[in-house]
Amino acid sequence: MCHAGPRKLLPVVLGASMLIPLPLVAQDADTTTLAPVIVHGADDGENGLATAPVSNGALGTRNALNTPFSITSVGEEALADRQVSSLGEVFARDASVIAVGNSYNSRPSTLVVRGLQLDAFNSYKIDGMSIVNYGVELPLEQFERVDLLKGPGGFMYGFGSPGGIVNYVTKKPTEDFLASVDVGYRSDSIFQEHVDMGGRVGPDKRLGYRLNYTHEQGDTYNDGSINRDSFSLALDLRLTPDLLWTFEGLYQDRETDGTVQAVALPAARYTGNGLPDTISGRTQLSTDGSGYHAVSKFAKTGLQWKFAPTWTASVDYSFSQAIRTYKEETLNLLNEAGDYDDYMYDQKNAYRFNQLQAMVQGQFATGFLTHEVVLGAATQTQANDFNSNSFYGSIGYGNLYDGARPSPYTGSRTPQMYRGAEYEQDALFASDTISIGEHWSLLAGARYISYRQHSINAAGVAGEAYKKHPLTPTFALMYKPAAGTTVYASYVESLEQGSTVGSQYANAGATLAPLKSKQYEFGIKTAQSDWGASAALFRIERGTGYVNNANEYVQDGEGRIQGLELAGNVRVARDWDLQANAMWLSAKYQTGNAALEGNRLPGSARFIASGQVTYALPALPGLSVAAGVKYVGSSNLDSANNLTVPSYYTVDLGAVYRTRIATKNVVLRAAIDNLTNRRYWYYVGENSILPSPSRTVSLNAQVYF
């Protein structure tokens, strides 16, 4: 296991603080959710991020209010104040999103959005470029914002899950010198140190830089451990007043021990009629000898040229890689008494992306019509390397409740790597947003993709190749009845790359064919000086998959997902802010396997809601406290709808205090997550669950120099 050693970075230790945990936020001026829209703390007059530019791939850069899709953005200040440690916590206040896994299990968290799990290979971007997010928890301290575009992103980004696209925006060079240091603590004994520096140097300050480093180490609440180092560097060089060179690089080495991937209930072996009784999140489930080590790399460089007052051109190249070496356990439950067969997956794999993209964006007028045009081309390759000398099998039996676990795993294998799959995408895309007067605008766009995929087994025998040349269109009509308000109707199509079957299934490692999806959405969103609100009605039609009686994950048929999202926030008094967020969802199998038609899709709760209240204490300026609750309705664990994951709720408390100490700006943060220490099971995949995180305390102190 990794043990917390001396703090290796900072000589500064400052007292404790407060955060706004999972669904909480205290006047986050840099947090906006649109459709659902939540604008926090409009004191700055900027409506949070509602009017801030957001990169939308082939749609170009535009603010969320002018985008005819649902977007949630969480900014740097909110990420820090809430002491977010995982992607699942980033969007925890959004009722359309639930986390799958968490930062302190062997598999870090991914997202289920609108009842659909995101694709680890195509649903995640850094600065709009493709990354590998399979089994990777990116270092959130290194980003200035995380955006979530809900629904199919085929036109905007190419292949991807119809649930949405997550885009991490790296911290950029600052105009003025910036330097901050923060130290943090998290239950049980995890310590973290972080440095953030930025500024401009050289003649006329033409060279900008931003440097971040984070170290995290210690013992987790579930008797595991973590050891993480992450580093990022952003540079830009103003070659001329109109020509800018940029570079963004990120590296992370992250290791966890003593954790499990999932508690599985395989249909062919589990004899229970319901889930077993809940257990404490502090329960040690793994056997000695397990561990998960992931190394992540990302680099991007490009040129941006403003060649006319309203026209820009850009070209960018990026490289992304994830190398994972792990001895990972899945506890296959046999009955409701908690007996399980412990399966170990001793494996190594590596995934790599290379992407090149060129784009032109500009405006022009034809008579009384104004056009905002985006034209572009992109090429992308993905390579998956697997290990033929892996092990997957039972290492013994145990029980969830009596502490019985298998003997320590002592296997040692020398990896023998081979190229298992390759994917290629070449794309052309174009869009035109036509403004008709002050109130109406029409969007039309399309992306043409030449897609190729093929797989190879360990013996070097090629599998069936797959080729496709889809055209994915999008259309939208927008109406602005007043400033700060948009009503829209949109349609978009997408193709989802065939997934790689997970290790808990009998056909683990198999590569599946792509799936097609469509989305219809009607919504309204508004961001005003002291309140914001939104509503979005959507329907998604998507090819589906399920686990059959042989415990194989297969694709067949179509699912229909329909839902309504509502959100609002209001400053009810000078020191009080209220928020509410809800989603109603119907997600069912429509065609395909006759035995499944009409069944609910696994992991899709019918109702999710969150709310919070934030209070700024007038007696102590700079101090704000918050309390919030999130409710997740029941969902089905399996496609046959034989097992149900019960509903649950969590309560969180937190606060932030901004002050000055010895002429330095200081921020103190603290939080209690899962205040009531509620026990529940939560969904992490079809036929797979995990116990809820226990009550945790987080403290952080940050000093600006």
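Coordinate-derived values only; no laboratory data. Fair warning: this is a prediction, and the values are worked out from it, not measured in the lab. Don't worry about glycine lacking a Cβ; one is built from the backbone with ideal geometry, like all the others, and counts go over all protein chains shown.
A straight Cα-to-Cα reach below 17 Å connects Lys480 with the aspartates and glutamates Glu372, Glu438, Glu521, residues fewer than 8 places away in its own chain not being considered. Sorting 309-320, 292-303 by their mean Cβ neighbour count within 10 Å, with the most densely packed peptide first, gives 292-303, 309-320.
In the frame of its principal axes, the stretch 203-306 has Cα extents of 70, 31, 21 Å, reported largest first.
Measuring between their Cα centroids, the stretch 642-679 and the stretch 178-236 lie 21 Å from each other. Cross-link pairs exceeding 22 Å in C-alpha to C-alpha distance, out of Lys468/Lys516; Lys125/Lys150; Lys468/Lys588, comprise Lys468/Lys588. Protection proxy ranking of 683-691, 635-643, by the mean of other Cβ atoms within 10 Å over each peptide's residues and highest first, is 683-691, 635-643.
Working note: Cα atoms of the stretch 452-522, range along each principal axis, descending, whole Å: 64, 30, 16. Within the straight-line cut-off of under 28 Å between alpha carbons, the lysines reachable from Lys205 are Lys171, Lys172, Lys300, Lys306, Lys664, sequence neighbours fewer than 8 places apart in one chain being disregarded. Only helices enter the 222 nm calculation for the chain: every DSSP H run of n ≥ 4 contributes -39,500 (n - 2.57), and dividing by all residues gives -500 deg cm²/dmol, rounded to 500.
Tell me, what is a quarter of the convex hull surface for the C-alpha atoms of the chain, in nm² with one decimal? Please report the intermediate quantities before stating the final value.
Numbers: hull surface 117.4 nm².
Quarter of the Cα hull surface area: 29.4 nm².
For Val666, what is the net charge nearby, where nearby means another residue's Cβ is under 9 Å from its Cβ and Lys, Arg count +1, Asp, Glu -1? If you can, show how the numbers build up before the last one.
Numbers: positive: Arg658, Arg660, Lys664; negative: none.
After counting each charged neighbour, the total is +3.
The string of couplings for the stretch 201-214 from the Karplus curve (6.51, -1.76, 1.60, θ = phi - 60°) is 9, x, x, 6, 6, 6, 9, x, 9, 8, 10, 9, 9, 9 Hz, one whole number per residue in order, with x for Gly and Pro.
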